[in-house]
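Just below is one structure, and these are the notes that go with it.
The values are calculated or read from the model by the stated rules, or taken from the named source; none is laboratory data. In this text the structure is predicted, and so the values were computed from the model without any measurement. Because the Cβ atoms are built from the backbone with ideal geometry, glycine has one as well, and the counts that use them run over all protein chains shown. Protein only, heavy atoms only, side chains kept; ligands, DNA and RNA dropped before computing areas. Shrake-Rupley method; radii C 1.70, N 1.55, O 1.52, S 1.80 Å.
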Amino acid sequence: MSKKDEIFKNPIKKQFEFDSAVASVFDDMIGRSVPFYDVSTKLACEILAKNLGQNARVIDLGCSTATSLLTLFALRADLQLFGVDNSPAMLENARAKASAFGAKIDFCLADVLEHEFLDFDAVILNYTLQFIRPINRADFVAKIFDGLKSGGLFLFSEKIIYDDKKLCKDMIEIYENYKLSHGYSRYEIAQKREALENVLIPYTEDENKSLVLKAGFKSVQSVFKWGNFMTFLAIK
């Protein structure tokens, strides 16, 4: 079970990374840091469950503790599920959760930029693209396109920014108030923001959509949005 996230109560000593300390509190961290994370995850998985054929192959790149895969398993136990992550601690938690739920999920410890995958019916990418250097994103999305079957689904979530400077500032303040309401102090919020600087680099909604369309996907639509957080569905 995930512990309470108190990582940023003390002065930070390094940039943000998904190490064992983060893995131990990750489920609490993302539940309190990403608005409606449980709702958007369930919605995304319900979309996949309605559109995938029997025994379809689904891979979650940057699967962390396997929340999305386990949500999907609860809806469709017939699916062949795969999870990839570069954090041993995350995968240790993911395997423990999968075992507790009796879910057969094939986990792989690897860098998603280097991991090879082909003939999948769906790819999940939850708040992962934003951590990939912008110079590498187009090639990575093209790799996802190539790894999908014709008609395959690419479901991804991202933190976004706004072109309008006033709206961008407003959203940052609204989001800070959201985190305050979920038990984080202003100090913790400031500490995490500093740790994520130059590590998490968000795009606008249009930039994300353009990235996907340029890779060859025939369509991309937003299926969930709250402030700076969006879930997209692309079809090959």
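Remarks
- FRET efficiency, 1/(1 + (r/R0)^6) with R0 41 Å, evaluated for GLN221 and GLU173 via beta carbons: 0.90
- Solvent-accessible area of ASP38, all protein chains in place: 110 Å² (probe radius 1.4 Å, heavy atoms, ligands and nucleic acids excluded).
- For the range 23-126, the Cα gyration tensor yields ellipsoid semi-axes of 19, 17, 13 Å (square root of five times each eigenvalue, largest first, whole Å).
- Database remark: amide H of GLY62 closer than 5 angstrom to the amide H of VAL84, ASP85 (H placed geometrically; neighbours at sequence offset of 5 or more, or on other chains; Pro and chain starts carry no H).
- For the pair SER99 and ASP38, a Förster radius of 35 Å applied to the C-beta separation gives a FRET efficiency near 0.95, rounded to the nearest 0.05.
- The amide H of THR204, built 1.01 Å from its N in the peptide plane, has ILE161 as neighbours under 5 Å, considering only residues 5 or more places off or on other chains.
- Compactness check for the range 95-162: Cα Rg over 2.2 N^0.38 Å is 1.26.
- Carbon plus sulfur fraction of accessible area for the range 26-185, probe 1.4 Å, in percent: 55 percent
- R0 of 22 Å, Cβ-Cβ distance LYS165-PHE131: FRET efficiency to nearest 0.05: 0.35
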